[in-house]
């Protein structure tokens, strides 16, 4: 079933059930109120009967006008009220007039008609009920002239007019429900269309994206927040896939470019030596060997990056002293930096026995890559390697001392200096320089594979553009983050691990 049809059916069924429940509730409420009204009407009619009979009493002769009593008595029988009148004489009660004695067949027929009406039309079963009312004259208790006994179908009954009114009310309520259901069904169509259209468009767009059309976009202006969010997500996914496809194509082109130049040099040099144009001197053979090593390094870096990104890199995490580790790395760049009048500093404002838990070799690879870039692009300035533990006492071992390869966790200080034990990181390491900096348009891409901020640089100065991508992947594999800030006074790479 299509979404639009499902929405129409669901909405119509839901509203129909609501309307039916409402109608049943209204019917029950109206029935109870009408029953209360009918009971009151029966009591009022009984009181009218007593007054009518009382008016027929002659206190002088202490008797009733029998002819008139007979006339009004049979009239009340037609309405479902069977009466008889009694008087007291000498302490004994005697019946003056009885509708049953007058016309039993008529009385029985009237009561059966009421019974049939109540049971067949309304499903209400009852029985004959008798009530007695005193006939007063003079307004005093001593003025009791007799008793009127009224027999009716009980506990209550509807007259013809009352029954017709109740039937009309129920019919009107049923018609109202039917009209409302039809209106709900009609109104559910545009509602379902307004909801289904964006979803259908999103599905069609997803199908086009799956088919390779990554340029497809859908309207995000829907007033429904969730549908607008769905459209935004689809467009975001399409944009991300389009960007990934562009990067993939760019990566393929960059890899081809990186391989083409050394292969061309190798091919030209070897062909020249084979043809006798060049002599295979040790210098030329060494040059070919360097190109081969460059190719091997590129392939190894690509393989390493692929392993890291596919989460196949096994980290050998150990706890080691951070200060000696950082100084050893920084000292290794002092000679190369001195040739460029660059000063390399290592700032370790914490005890030498402060422990850092990570893969020693992989973290060393990250910092060496960052320091190499910093020295390479800094002239007559300084390069600083600094670190700080994000813990109160970095020398304190954890409560449960970790085994080899386990990650040591410390309680850390939040920005306001309060103790926190749920920090995701234990150390911050920063590599900063006073070099040429990175352009603002290049910063979002510095960790992309085979990306060089200056396209005009050769491989000798710019490298092959995988170092920062590998560094970012290794840090991510540790569960850490790496970021960069750059300006006219230099660049700083910040590693949280």
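Some points to look at:
- Of all the numbered requirements in (1) surrounded by 16 or more Cβ atoms within 10 Å (Cβ to Cβ); (2) out of contact with any strand residue (DSSP E or B) (no Cβ under 8 Å at 6 or more places or on another chain); (3) in the same structural domain as residue 23 (by TED's automatic domain parsing), residue 177 misses one, and that requirement is (3).
- Among the residues making up the stretch 24-36, those that are surrounded by 12 or more Cβ atoms within 10 Å (Cβ to Cβ) and closer than 15 Å to residue 165 by Cβ are 27, 30, 31, 34, 35.
Residues are listed down the side, and each one gets a yes or a no for (1) exposed (fewer than 15 other Cβ atoms within 10 Å of the Cβ); (2) part of a helix (DSSP H, G or I); (3) touching a residue at least 60 places away in the same chain (Cβ under 8 Å):
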position: 77; (1), (2), (3): no, yes, no
position: 83; (1), (2), (3): no, no, yes
position: 86; (1), (2), (3): no, no, yes
position: 97; (1), (2), (3): no, no, no
position: 100; (1), (2), (3): no, yes, no
position: 103; (1), (2), (3): no, yes, no
position: 112; (1), (2), (3): yes, yes, no
position: 115; (1), (2), (3): no, yes, no
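- Leading residue by the ranking (nearest to the chain's Cα centre (by Cα)) among those in the stretch 436-478 that are within 22 Å of residue 381 (Cα to Cα), surrounded by fewer than 16 Cβ atoms within 10 Å (Cβ to Cβ) and at pLDDT 70 or above: 440
- Entry remark, the stretch 479-489: residues being modelled with pLDDT of 90 or more and buried (at least 18 other Cβ atoms within 10 Å of the Cβ) number 3 in total.
- In the stretch 118-134, of all residues being more than 26 Å from residue 59 (Cα to Cα) and in contact with a strand residue (DSSP E or B) (Cβ under 9 Å, 6 or more places away or on another chain), the one that is surrounded by the fewest Cβ atoms within 10 Å (Cβ to Cβ) corresponds to 127.
- Residue match in the stretch 188-196 (condition: in contact (Cβ under 8 Å) with a residue 60 or more places away in the chain and within 30 Å of residue 28 (Cβ to Cβ)): yes
- Among the numbered conditions (1) surrounded by fewer than 18 Cβ atoms within 10 Å (Cβ to Cβ); (2) over 60 Å from the mean Cα position of the chain (by Cα); (3) over 16 Å from residue 162 (Cβ atoms), the only one that residue 44 does not meet is (3).
- Scanning the stretch 314-356 for residues that are under 11 Å from residue 386 (Cα atoms) and either without any contact (Cβ under 8 Å) to a residue 24 or more places away in the chain or outside the structural domain of residue 367 (by TED's automatic domain parsing) (or both) yields a count of 1.
- Screening residue 270 on (1) touching a helix residue (DSSP H, G or I) at 6+ places or on another chain (Cβ under 9 Å); (2) over 25 Å from residue 371 (Cβ atoms); (3) surrounded by fewer than 17 Cβ atoms within 10 Å (Cβ to Cβ); (4) at pLDDT below 85 shows it passes everything except condition (4).
- Of the residues making up the stretch 296-330, those that are modelled with pLDDT of 80 or more, surrounded by 14 or more Cβ atoms within 10 Å (Cβ to Cβ) and assigned to a helix (DSSP H, G or I) are 322, 323, 325, 326, 327, 329, 330.
Residue-by-condition table, conditions (1) closer than 25 Å to residue 186 by Cβ; (2) assigned to a helix (DSSP H, G or I); (3) free of Cβ contacts under 8 Å to residues at least 60 places away in the same chain:
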site: 4; (1), (2), (3): yes, yes, no
site: 20; (1), (2), (3): yes, yes, no
site: 23; (1), (2), (3): yes, yes, no
site: 37; (1), (2), (3): no, yes, yes
site: 53; (1), (2), (3): no, yes, no
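- Selection status of residue 188, in contact with a helix residue (DSSP H, G or I) (Cβ under 7 Å, 6 or more places away or on another chain) and modelled with pLDDT under 85: yes
- Note on the stretch 1-52: residues that are touching a strand residue (DSSP E or B) at 6+ places or on another chain (Cβ under 6 Å) and over 30 Å from residue 122 (Cβ atoms) total 0.
- Qualifying residue in the stretch 158-178 (condition: within 30 Å of residue 95 (Cα to Cα) and either outside any helix (DSSP H, G or I) or modelled with pLDDT under 85 (or both)): yes
The values are calculated or read from the model by the stated rules, or taken from the named source; none is laboratory data. These numbers were taken from a predicted model, which means no experiment stands behind them. All Cβ positions, even for glycine, are placed from backbone atoms using ideal geometry, and neighbour counts span all protein chains on display.
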